Amino acid sequence: MYTATFLQDPDFIRSLYIVAFALFIIDLRLMNHPRTARTGNVIGAVGMGIAVIATLLIESVGDYGLIALGVAIGTAVGVPAARSVKMTAMPQMVALFNGVGGGAVALISFAEYRESLAAGGNPELDALIPILFAAIIGSVSFWGSNIAFGKLQEILPGRPIQLPGQQFVNIGLLAVCVGCAIAIASGTESEALFILILVGAAVLGNMFVLPIGGADMPVVISLLNAFTGLSAAAAGLALDNVALIVAGMLVGASGSILTMLMAEAMNRSIANIFKGGFGGVTVAPGAGDGEAKPVRSTDPADVAIQLAYARKVVVAPGYGLAVAQAQHTVRELADALEKRGVEVLYAIHPVAGRMPGHMNVLLAEADVPYDHLKEMDEINPEFPQTDVALVIGANDVTNPAARSQADSPIYGMPILDVDKSEAVIVLKRSMNPGFAGIDNELYYDPKTQMLFGDAKDSVSEVVSEISEL
Amino acid sequence: MDLLTELTILVLAAFVGFEVISKVPNTLHTPLMSSTNAIHGIVLLGGLYLIGPADGFLNNFLLVIAIAFGTINVVGGFLVTDRMLEMFKRRD
């Protein structure tokens, strides 16, 4: 009896919450190195377990049957999804997970508001304001994430979808949500208004992701991640739950940092990305038309010789590599070269892939050791000592126009300086320009050779040529 | 707890978050996102807390879904992060 009351002591439960959020911070702290990250993840999971147990100890918590039902549904959906998802599909998975997190917050805030109305009226302001905030952000995050998922999964077209005057529509929707929230906060007791907030935010979530092109997805996913975190923190304020406040804010901080890093890596302001339509812009680059310029094309046998007799080869992979599923073949190529004493490194641009760090995961899956994966700032000084830079399925992130042509739309974007290496070999399907629709002058550089074709086929031909040398 | 104490915690947590997360290398940004997915699954606690006192079919229904969503985040997020981190290896 004594132990039972001790366990249900609110201060004991709060202490457990403190332990839980400390473990989350340790988890994120250990994420600073691949060697410790896996332990960190386990520590985070333990923290979550403690937070859940602490909550179940609370005296007023009941309806265990319904709790078990919810947990069972969540486990039945979450575990198989996490076990079976392909690494190439990780951006969709994360988008979906962002979405359900935001959805949970929106549902909780709605239920809490309804409870409060049934109990006699609006909640106190210090709970009501966070509830309204959580409802808006949670709903935007849920619907926005679903659209991002649809685009990444190619259920929806990846190209920007825009309505005329879209920005005004969005501002109008936001005004409706905020207006209803103010009405409730200033004393109106209305479930209908609350539903209007949820619906308005839902439409806003749809409208704000639809105009964003596929290649801007790393920014969108990061931002939605931040939103979900902030909505969770707001729910924590409403429920007086310190674990929710801290955990939500940690996620909010993480999402915000990633959003800024991604926008920086594309040299675009966040506002500019959300105006959307970059992919649809018709760009008229300076420096004449590309048509007449000569391009030097090569064949697998020649590429094999150049690579096999090089001292140092740097691979610059882009999303095209993932699309062609060529990561394993590239690893085979690197193995063959390393056997001959060639040093092989990988130059990873921050936006290579469809989400932050995506390319690293794809290459790690193909058993590329992580100490061979070099970040942009680390690898760029090495290009002048590189014999061959092998560009596979990357385009805009290698375009020297970003450094030199002030009138280029990508001017100022940080790029991989592949053109500073001794020779450049570009694997590309055709001469189509990249996502930004900009001609890449790297292709006309005298030291560049083009190997046209499917990246996977090309690389495996090169591998077999090397084995015959 | 009063709102100002909670806001104090919120702001401090933001600074801790910025400090800790800015040390995560680009290589681990995808696992970082999936692990923060798992951590924001903590909204599950909101569902657990409210469902007992909640009355009526609709409220219970909403909260069961919220608990299910939160659980998807928690179990799915930690599992998929572990799957990814397992792949990050040094040579040999």
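The aspartates and glutamates within cross-link reach of residue A:420, meaning a Cα-to-Cα straight distance under 20 Å and a gap of 8 or more places when in the same chain, are A:343, A:375, A:377, A:378, A:382, A:387, A:396, A:439, A:441, A:445. Which distance in nm do the two modelled labels at residue A:79 and residue A:407 give, with both placed 7 Å along the Cα-to-Cβ direction? The answer from the label model is 6.2 nm.
Counting other Cβ atoms within 10 Å, which GluC sites (Glu not before Pro) in the stretch A:290-382 have at most 11 and lie in a DSSP loop? Those satisfying the criteria are A:291. Under a 5 Å amide H cut-off, with hydrogens placed 1.01 Å from N, residue A:315 pairs with A:345, A:346, A:347, A:390 among residues at least 5 apart or on other chains.
Each label was represented as a point 7 Å from its Cα along the Cα-to-Cβ direction; for residue A:343 and residue A:182 these points are 6.2 nm apart. Shown here for the stretch A:384-467: GluC sites (Glu not before Pro) in loop regions (DSSP other than H, G, I, E, B) with at most 16 other Cβ atoms within 10 Å, namely A:422. Rounded to 0.05, the FRET efficiency of the residue A:193 and residue A:168 pair, given R0 = 22 Å and the Cβ-Cβ distance, is 0.45. In plain terms, if you count all Cα to Cα distances in the stretch A:118-226 and split them into 10 Å steps from zero, the share in each step is 15, 41, 27, 14, 3 percent. Taking a point 7 Å from the Cα of residue A:447 along the Cα-to-Cβ direction, the residues of the stretch A:294-312 with backbone N closer than 19 Å to it are A:294-298, A:303-312.
Rounded to whole numbers, the Karplus 3J(HN,Hα) couplings from phi for the stretch A:400-414 are x, 4, 5, 8, 10, 9, 4, 8, 6, x, 9, 4, x, 5, x Hz, using 6.51 cos²θ - 1.76 cosθ + 1.60 with θ = phi - 60°, and x at Gly and Pro.
Mean sequence separation of contacting Cα pairs (under 8 Å, at least six apart), scaled by the length of the stretch A:129-222, corresponds to a relative contact order of 48 percent. For the protein assembly as shown, the Cα gyration tensor yields ellipsoid semi-axes of 47, 26, 18 Å (square root of five times each eigenvalue, largest first, whole Å).
The gain in end-to-end length when the residue B:2 to residue B:18 segment is fully stretched comes to 3.3 nm, 0.36 nm per residue minus the alpha carbon separation.
For the protein assembly as shown, what does -39500 (n - 2.57) per DSSP helix run (n ≥ 4), summed and divided by total residues, give at 222 nm, in deg cm²/dmol to the nearest 500?
On the way: 23 runs with 343 residues, N = 561.
My calculation for the protein assembly as shown gives -20000 deg cm²/dmol from helical runs alone.
Values quoted throughout were computed directly from the atomic coordinates according to the rules given, and no laboratory measurement underlies them. Source: prediction; values computed, not measured. Because the Cβ atoms are built from the backbone with ideal geometry, glycine has one as well, and the counts that use them run over all protein chains shown.
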